[in-house]
Amino acid sequence: MGFSKPQKGSTSILDKNSWENSSELQNNVGYLPGEVTLPSGLSGTAFLHMMERMRGRVENDYLNMLLDRFELDPNISIKQMSLGVKRKLAVVTAFMHDPDILILDEPTSGLDPVMQKTFIDFVKEEKKRGKTIFLSSHIFHEVDASCDRIAIIRDGKIVSEFKSDDLKQKHDRIYRITFTSLDEYKAFTSKDFIFTSKNEQKLRARIQIPANRVNELLSSLDGFQISDFVEIPFTLEDYFMGFYDTGHHFEGVK
């Protein structure tokens, strides 16, 4: 955003140096900071008008659509706004000039669950319009639902970068199988599979298996009496926590 100069290296947007061309680029970029600080002496409407003048761009129809979409009444003092209302005002401000590029830091922080869903649905629509959206978030379902590519950062470095679909398609499958008798349970859990947990009392076992061995697993179950067979979804949160719990990289997504 051109707010600080890099100590080394450089950043660019649309092939223009972010530091040297910050004023120009901000007309083409929508920015939502992680911590929203708004001038308390203004009303929401006055703040929006101020941003319009600073950018030199006004998209009134688009702005009115945003106000309706996020159920925001800007005709009150910012000082009187709750955290959630201030966040909605910041969201509208980031999108109001209909920019092609958006940089969003923890965009739904402070929003209630209904508004979080509204925001995610809106981001999906903006993606379909061809916009480039750079989003930072610790809300896993938000990232999973809205991002095409995902990067995980640990200690200031990118430790994994992948397409979101790859995580679902390439990673091991996890299944929970419940048997009808102790003999059935013991016979199956003696097989050559990776069992992440076994519960003899409940006659239940959990198996982790590569996607290319799923058919082998199903074939091996032929003839067994099973009362329950459930796939346990492997989530983005599971993958993320692997880097912080163990510090190693999961196989399957590189």
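The values are calculated or read from the model by the stated rules, or taken from the named source; none is laboratory data. Keep in mind that what you see is a predicted model, and the values were worked out from it rather than measured. With ideal geometry, Cβ positions are generated from the backbone for all residues, glycine too; neighbour counts draw on all protein chains shown. Ligands, DNA and RNA are excluded from the accessible area calculation, which covers all protein heavy atoms including side chains. Shrake-Rupley method; radii C 1.70, N 1.55, O 1.52, S 1.80 Å.
A compact table of results
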quantity	calculated
Reach of Lys79 by Cα under 19 Å, taken over aspartates and glutamates that are not fewer than 8 positions away in the same chain	Glu35, Glu71
Debye, to nearest 20: dipole size of the chain, +1 on Lys, Arg Cβ, -1 on Asp, Glu Cβ	360 debye
Solvent-accessible area per residue, Å², over the chain with all protein chains present [probe radius 1.4 Å]	59 Å²
The range 146-207 - percent of accessible surface contributed by carbon and sulfur, probe 1.4 Å	42 percent
Of Gln225, Asn27, Phe95, farthest towards positive along the dipole that unit charges on Lys, Arg, Asp, Glu beta carbons give the chain	Asn27
Cα-based Kirkwood hydrodynamic radius, the range 1-104, one decimal, Å	14.6 Å
Partners for Lys163 among lysines (Cα-Cα distance below 19 Å; same-chain residues under 8 apart left out)	Lys124, Lys127, Lys128, Lys131, Lys254
Solvent-accessible area of Thr11 with every protein chain in place, 1.4 Å probe, in Å² to the nearest 10	80 Å²
Residue with peak Gaussian network fluctuation, the chain [Cα springs, cutoff 10 Å], from Gly84, Gly130, Gly110	Gly130
Accessible-area composition of the range 1-95, carbon plus sulfur, in percent [1.4 Å probe]	47 percent
With DNA, RNA and ligands ignored, accessible area of Arg173 (1.4 Å probe; Å², nearest 10)	50 Å²
